[in-house]
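**Q** The following block contains the structure, expressed as structure tokens.
The values are calculated or read from the model by the stated rules, or taken from the named source; none is laboratory data. Source: prediction; values computed, not measured. Cβ placement follows ideal geometry from the backbone for every residue including glycine, while neighbour counts extend to all protein chains displayed. Just the protein is used for accessible areas: all its heavy atoms, side chains included, with ligands, DNA and RNA removed. Shrake-Rupley method; radii C 1.70, N 1.55, O 1.52, S 1.80 Å.
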Amino acid sequence: MHAHLRRLSDALEGTDADRVERWGARAAPLLASGHRLFACGNGGSAAEAQHLTAELTGRFERERPPLSALALHAETSSVTAIANDYGYQHVYARQLRAHAEEGDLLVCLSTSGNSENVVETVKAAHDLGVVTWSLTGSASCALEALSEETVVVPADSVSVVQEVHLALVHVFCAAVDRGLERIASSTAPAPRAAS
């Protein structure tokens, strides 16, 4: 096996995917009831945040209604205006304060777990009553200390951490879809008895 794939395999083996699956199960009823999911990260992590929100607003593997999800880096005029007027550390937190409500969700992706703009967003989420979950590549980081729950990918390579994060995004989306299916089946009218 190629050395990179061996590192990837080892990192996957040591990652708590079950926790991410529980996040998806918890997110399903919140999203179904109209709450919104926000996601943020920088660089490759921003791309993965947008991948997550695209899977929710579009679809993952099954047909279902669209879910409200926004990647905070994708609103480029807001990002550049906030960075210019307030500083780059506020580009996501200020947007979260504008759009989020209590009970909404924030998923943060950061290989270091210490990106200042992502950390500030988690702090804003606490003020707003927004649930905070983080995917990182480093234990004992700021996001692990601040987030409600964190999954740490045990790898030294940034690329390996990001690849595992992408797999976890898919684990999350699959769990959301299963949760939505359970909700739909529990609320479906019972079949009429034959007369």
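**Q** Mind ranking His73, His2, His170 by accessible surface for me, highest first, 1.4 Å probe?
**A** Ranking His73, His2, His170 by accessible area, largest first, yields His2, His170, His73.
**Q** Mind listing the phi-derived Karplus ³J(HN,Hα) values for region 142-154, rounded to whole Hz, using 6.51, -1.76 and 1.60 with θ = phi - 60°, and x for any glycine or proline?
**A** 4, 5, 5, 6, 9, 6, 4, 9, 9, 10, 9, 8, x
**Q** Next question. Under a point-charge model restricted to the Cβ atoms of Lys and Arg (+1) and Asp and Glu (-1), what is the dipole moment magnitude of the chain relative to its Cα centre, in debye to the nearest 20?
**A** The calculated dipole for the chain is roughly 540 debye.
**Q** Taking loop as defined by DSSP and a crowding limit of 15 other beta carbons within 10 Å, which trypsin sites (Lys or Arg not before Pro) in region 1-97 fit?
**A** Arg59, Arg62
**Q** Answer rounded, prolate or oblate for the chain, using the Cα gyration tensor with square roots of eigenvalues a ≥ b ≥ c: rounded when a/c is under 1.5, else prolate when a/b is larger than b/c, else oblate.
**A** oblate
**Q** Whenever you get a sec, compute what percent of the accessible area on region 1-107 sits on carbon and sulfur atoms (1.4 Å probe).
**A** Reported share for carbon and sulfur atoms: 48 percent.
**Q** Using a cut-off of 12 Å between beta-carbons, work out the net charge of the residues near His126 (Lys and Arg +1, Asp and Glu -1, His126 not included).
**A** -2
**Q** Can you give the angle from 0 to 90° between the axis of helix 44-57 and the longest principal axis of the chain, with both taken from C-alpha atoms, to the nearest 10?
**A** Once rounded, one gets 20 degrees.
**Q** Given R₀ = 41 Å, FRET efficiency for Glu13-Glu63 by Cβ-Cβ distance, to 0.05?
**A** Efficiency, rounded to the nearest 0.05: 0.80.
**Q** While we're here: Using the alpha-carbon atoms, what tilt in degrees (0 to 90, nearest 10) does helix 76-86 show relative to the longest principal axis of the chain?
**A** Taking Cα atoms only, the helix is inclined about 50 degrees.
**Q** Now a separate question. Rounded to the nearest whole Å², what accessible area per residue is found for region 71-178 with the 1.4 Å probe?
**A** Here the per-residue accessible area is 40 Å².
**Q** Compute the long axis of helix 17-32 from its Cα atoms, compare it with the longest principal axis of the Cα atoms of the chain, and write down the angle in degrees, 0 to 90, nearest 10.
**A** For helix 17-32, the angle is close to 60 degrees.
**Q** Any idea what the relative contact order of the chain is, in percent, if you count C-alpha pairs under 8 Å spaced at least 6 apart?
**A** Reported as a whole number, the value is 27 percent.
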